[in-house]
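Here the structure comes first, spelled out in structure tokens, and everything after it is commentary.
The numbers here are math on the coordinates, done by the rules we state, and not lab data. All values reported here derive from a predicted model rather than from experimental measurement. Because the Cβ atoms are built from the backbone with ideal geometry, glycine has one as well, and the counts that use them run over all protein chains shown.
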Amino acid sequence: MTTKLPKFAASGAFALSAALLLAACGGTSDDADGAEASSSAAAGGSGLSGTIAADGSSTVAPLTEAAADAYRDVEADVQVTVATSGTGGGFAAFCANETDISDASRPIKDEEADLCAEAGVEFTEIIIANDGLSVVVNPENDWAQCLTTEQLATIWAPESEGEVMSWADVDPSFPDEPLTLYGAGTDSGTFDYFTDVINGEEGASRTDYSPSEDDNVTIQGVSGELGAMGYFGLSYLEENPDIIKGVEIDGGEGCVYPSTETVQDGSYSPLGRPLFIYVNNANYAEKPELRDFIDYYVSNSGDIAESALFVPLTDDQVETAESELASLVN
Amino acid sequence: MARRTMQETVHTTIRHKARSGESSPKSIGFLVILWLAILFALVFLTVLIVTTFIDGWNRLDSRLFTEYPASDPEDAGARPAILGSLWVIGTTALMTIPLGVAAAIHMEEFANRHHWFSRIVEVNVQNLAAIPAVIYGMLTLGAMGLMGVSNKNQVWVGALALSMLILPVVIIATRESLRAVPSEIRQGSLAVGATPLQTVVRNTLPAAVPGIATGSILALSRALGEAAPLLLLGGLVFLSFDPNGLTSGYTTMPIQIFNWTSRPQAGFHELAAAASVLLLVMLLAMNALAILIRNRYQKRW
């Protein structure tokens, strides 16, 4: 009697491992198991399958992820993975021919391009969206029409903590109004971008401000206090033009007001920038699923950019991207 | 006989001393410190679990199981991560348990324990069980580099790292439970003419199965909660599909939770809490299964 129980346990353990084995085999041998995958996608499209690997900037990743998410409804069998190793890490993998797409928040550097050339990886740079940050102040604020990037750096530099507490500290011509600051939380891409271009180092910022991941907090704070100032994505300024005021930015070439147009034409610099994806030319030509995905991504880039709160491409930018891609196939 | 009595006397004196020492102020002070330590740990754990529950309660619904990660927390779910975890852990179990059990049987039943090689293996297995998980991730990364595998985000690669992580634990657990089988069982089997192999397969191993199962399940639940080695192996990815094979891309629940907690939006933090609760439930279920098997099938000889 006593020996029976362990035997039963043994057979149970065996059955468990057998079930696991079956599950394992089921998946590999038979991808059509997707019946239980319940993806609502109709098995429409042209029945493409395969894998697409993207890696790179965490700022651009939400765009590629949104594209992959929507593309599942078009071609359910194409498997898209989007990793976020940062722009530099993305290029390292891309130039080692490990990925098909590299997400980048800046153009490729010469030394990175050299790596690609050494490995024989040819690529095409595509602008996939535009990114813009706006600096906002209270509508009653009549002195800060235009700020230079140096003045912004004076306000936001880590050394200014506890030192620059009033507008008069920024520029003697400004009134002695207490400066209340609102900004992005340290986890956000907005924070990384702003600190990088204004303070010269990603993540370098004074800390005595109200950080918030909820940009509505910034809107309320800035609209309720005369000396307040904040920064966030351009879309929030465009949605709330009456209760906050956008500040023109002088990056060395005159004052430019933040708007979709000035971001798109590149004149709103440095707080406006293009976002890129880099595509492996050979893979684009050889893999129909990659070609289809990229074409889908570019032609839907407007919706994707808006849903991820970026500034969409202009028609010209879309045309440029499409013609560059078309030249790869021929 | 005289030796036995002496031993007993020594034991009684020790016990006596211990008992009289229990009420000394020093001992009571120590006891209070111990109780406070337990209390602190329990309060901390309770607060952690309760806050996680409260944070994740709103998102503990079917969307967590059916939806894919998305840029809008309202539409996001952990479906690929849940399936990825099941795939990786299933593969890990298949790779580790047969190998670990076989290694333990060899070491315990067949190897010459005094041979220098056996002793090296023995010491290494003990030491490997204490190595931080991330080292196994680096080891696997290096191995993949040597093998020329450029796409490391595959189920079998992740499972390989986790297998190495828990293999020593499985071996040690199996050896312990084999050792708990009395040698009379083996000798009886051999005495009636069974070969050593038959003895192991028909008598020793079945008797040790409860211990092996318990140890293996606990080891697997450690692997289930592990994120560090998989992060090194490119497990931190967005998937637009269900992991569906050994070479398929994957992400696992701890990685998905890590990903969501580093997002700025509050909605993702709720989602991370909900996924943590789910992971906690899965781990508790596995531990409960281990306890159940142990209580039900363990034999006292």
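Annotations
- Between 0 and 90 degrees, the angle of helix B:155-179 with respect to the longest Cα principal axis of chain B falls at about 20 degrees.
- Annotation: average projected area of the range B:193-292 is 9.2 square nanometres, based on the convex hull of Cα atoms across all directions.
- Seen against the Cα atoms of chain B and their longest principal axis, helix B:205-224 is set at about 40 degrees.
- Structure-based [θ]222 nm, chain A - -39500 (n - 2.57) summed over DSSP H runs of at least 4, per residue, nearest 500: -12500 deg cm²/dmol
- Helices in chain B, meaning DSSP H runs of at least 4 residues, each add -39500 (n - 2.57). Divided by all residues, the mean residue ellipticity at 222 nm is -24000 deg cm²/dmol.
- Prolate/oblate/rounded call for the range A:61-102, Cα gyration tensor, a/c under 1.5 rounded: oblate
- The protein assembly as shown pair-distance distribution - Cα-Cα, 20 Å bins, rounded %: 16, 40, 29, 13, 3, 0
- Note on B:Leu289/A:Asp171: beta-carbon distance plugged into 1/(1 + (r/R0)^6) with R0 of 60 Å gives a FRET efficiency of 0.30.
- Span-like helix ranges in chain A, DSSP H, alpha carbon extent 18 angstrom or more, Kyte mean at least 0.0: A:4-29
- The charge dipole of the protein assembly as shown, taken about its Cα centre with unit charges on the Cβ of Lys, Arg, Asp and Glu (plus for the first two, minus for the last two), comes to roughly 7740 debye.
- Ordering of B:209-220, B:118-129, B:52-63 by packing [mean C-beta count within 10 Å, highest first]: B:209-220, B:52-63, B:118-129
- Each residue of the range B:27-36 was assigned a 3J(HN,Hα) from its phi angle through the Karplus curve 6.51 cos²θ - 1.76 cosθ + 1.60 (θ = phi - 60°); the sequence is 5, 5, x, 5, 4, 4, 4, 4, 4, 4 Hz, with glycine and proline shown as x.
- Label point of B:Val281 set 7 angstrom out along Cα-Cβ; within the range B:219-262, no amide nitrogen lies under 13 Å from it.
- Cα-based Lys proximity count in the protein assembly as shown, under 26 Å, for pairs eight or more positions apart or on separate chains: 5
- The slack in the chain from B:Ala102 to B:Trp116, taken as 0.36 nm per residue of separation less the alpha-carbon distance, amounts to 3.0 nm.
- Pair B:Phe44, A:Thr149: separation of 7 Å Cα→Cβ label points (nm): 4.6 nm
- Chain B shape via C-alpha gyration tensor axes, a/c threshold 1.5: oblate
- Between 0 and 90°, nearest 10: helix B:133-147 axis offset from chain B longest Cα axis: 70 degrees
- Note on B:Arg300 and A:Glu159: the model spin-label points, each 7 Å out from Cα along the C-beta direction, lie 7.6 nm apart.
- Rounded, prolate or oblate (a/c below 1.5 giving rounded, otherwise prolate when a/b exceeds b/c) for the range A:132-272 by Cα gyration tensor: rounded
- Average beta-carbon neighbours from other chains, 10 Å sphere, peptide A:80-89: 4
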